[in-house]
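These notes concern the structure reproduced below.
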Amino acid sequence: MLRESGSWLDFHPVPRLRILPPKLSRHGAVLQFLNMASPDRKVALVTGGAVRVGRALSLGLAEAGYDVAVHYYSSSKAAQEVVRRIGEMGRRGVLVEGDMGDPARVEAIAATVRERCGRLDLLVNNASSFEHADLLDVNADAWDRVMNVNLRGPFLLVRESAALLKENQGAVVNILDLGAFEPWTHRPHHAVSKAALLHLTKILARVLAPDVRVNAIAPGAVLMPENSDAADSERARRRTPLGHLGSPEDVLRAVLFLVASPFITGEVLVVDGGRSLDD
């Protein structure tokens, strides 16, 4: 969940989620719901939408029929490539730059979507800081930097986007990870930020109901950190009861499921191959 990094998906393209006749659709009722719900072109905003899991979400949502506002911070070239591919699908891609740790930039992100897209049906808070440090080595600046991106940024973006989301009974999906449940001693500020985002998800679900649904997804090992090696991947695989690692497309499928489930709000969908069963 690094905010800016290279993409595993450069070597494993996102599978095309083509809308097929009802009995042939690879994703069944999920994609049928998304495309039959409204004749208008729906709009999704994906923060951190240019790289890694965010890239899969941006492209997959475009395949599912959304125009996509692709937020990025410093991955300009990657974001432009994602928008280009979205255009090739016949959808509209909009570039939205901004530091999620800067309140003024978060407000500008929401304003850009409002001005350039005119509507917002889905907000995916995916951008995240994933800094490594032992607890007693985390200083005030490092703590604030992670909290600002992972927690304050998503809160402010939902607040600034709430009116637009309400207009079309939209949805918010916050991307967590297993740090929301586990005491990660080598990324303590990250883990605390994700635990807080989980609780914020439930508060937002209460406050924004019945007009906007708010849920969260907590992926497990769907994409290893860039500095990981084969041994790290093998350790993660062994800790996963299903016996294999996941993929960014597993997160995409979870997002599509939540969007297509109008009676679910305030919930966290864990997508970890069973790893949390051992805890």
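Here are a few things to note about the model shown:
Per-residue answers, yes or no, for (1) among the aliphatic types (A, V, I, L, M); (2) under 24 Å from residue 99 (Cα atoms); (3) within 19 Å of the chain's Cα centre (by Cα):
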position: 157; (1), (2), (3): yes, yes, yes
position: 165; (1), (2), (3): yes, yes, yes
position: 175; (1), (2), (3): yes, yes, yes
position: 197; (1), (2), (3): yes, yes, yes
position: 209; (1), (2), (3): yes, no, no
position: 215; (1), (2), (3): no, yes, yes
position: 236; (1), (2), (3): yes, no, no
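- One residue alone among 142, 127 is without any contact (Cβ under 8 Å) to a residue 60 or more places away in the chain and either aromatic (Phe, Trp, Tyr) or touching a helix residue (DSSP H, G or I) at 6+ places or on another chain (Cβ under 8 Å) (or both), and that residue is 142.
- Selection status of residue 194, part of a helix (DSSP H, G or I), closer than 15 Å to residue 215 by Cβ and of a type outside the set (A, V, I, L, M): yes
- In the stretch 29-75, the residues that are among the small types (Gly, Ala, Ser), within 22 Å of residue 169 (Cβ to Cβ) and either touching a Cys at 6+ places or on another chain (Cβ under 9 Å) or at pLDDT below 95 (or both): 29, 37, 38, 69
- Considering residues of the stretch 66-80 that are touching a residue at least 12 places away in the same chain (Cβ under 8 Å) and over 17 Å from the mean Cα position of the chain (by Cα) only, the residue nearest to residue 225 (Cα to Cα): 74
- Test: residue 255 is within 21 Å of residue 165 (Cα to Cα) and at pLDDT 95 or above: yes
- Selection over the stretch 209-236 of residues that are assigned to a loop (DSSP other than H, G, I, E, B), out of contact with any Lys or Arg (no Cβ under 6 Å at 6 or more places or on another chain) and acidic (Asp, Glu) gives a count of 2.
- Residues of the stretch 157-193 that are in contact with an Asp or Glu (Cβ under 8 Å, 6 or more places away or on another chain) and more than 24 Å from residue 239 (Cα to Cα): 160, 165, 166, 168, 169, 170, 171.
- Flag for residue 181 being of a type in the set (Phe, Trp, Tyr), out of contact with any Cys (no Cβ under 9 Å at 6 or more places or on another chain) and either buried (at least 19 other Cβ atoms within 10 Å of the Cβ) or modelled with pLDDT of 95 or more (or both): no
- Condition check for residue 261 on (1) crowded, with 16+ Cβ neighbours inside 10 Å; (2) outside any strand (DSSP E or B); (3) touching a residue at least 24 places away in the same chain (Cβ under 8 Å): one failure, at (3).
- Here residue 122 fits the description: of a type outside the set (S, T, N, Q) and in contact (Cβ under 8 Å) with a residue 60 or more places away in the chain.
- Residue in the stretch 153-160 that is crowded, with 24+ Cβ neighbours inside 10 Å, touching a residue at least 24 places away in the same chain (Cβ under 8 Å) and within 11 Å of residue 189 (Cα to Cα) present: no
The values are calculated or read from the model by the stated rules, or taken from the named source; none is laboratory data. What you see is a predicted model, and the numbers here were worked out from it, not measured in a lab. A quick note on method: Cβ atoms are made from the backbone with ideal geometry, for glycine too, and the neighbour counts reach across all protein chains shown.
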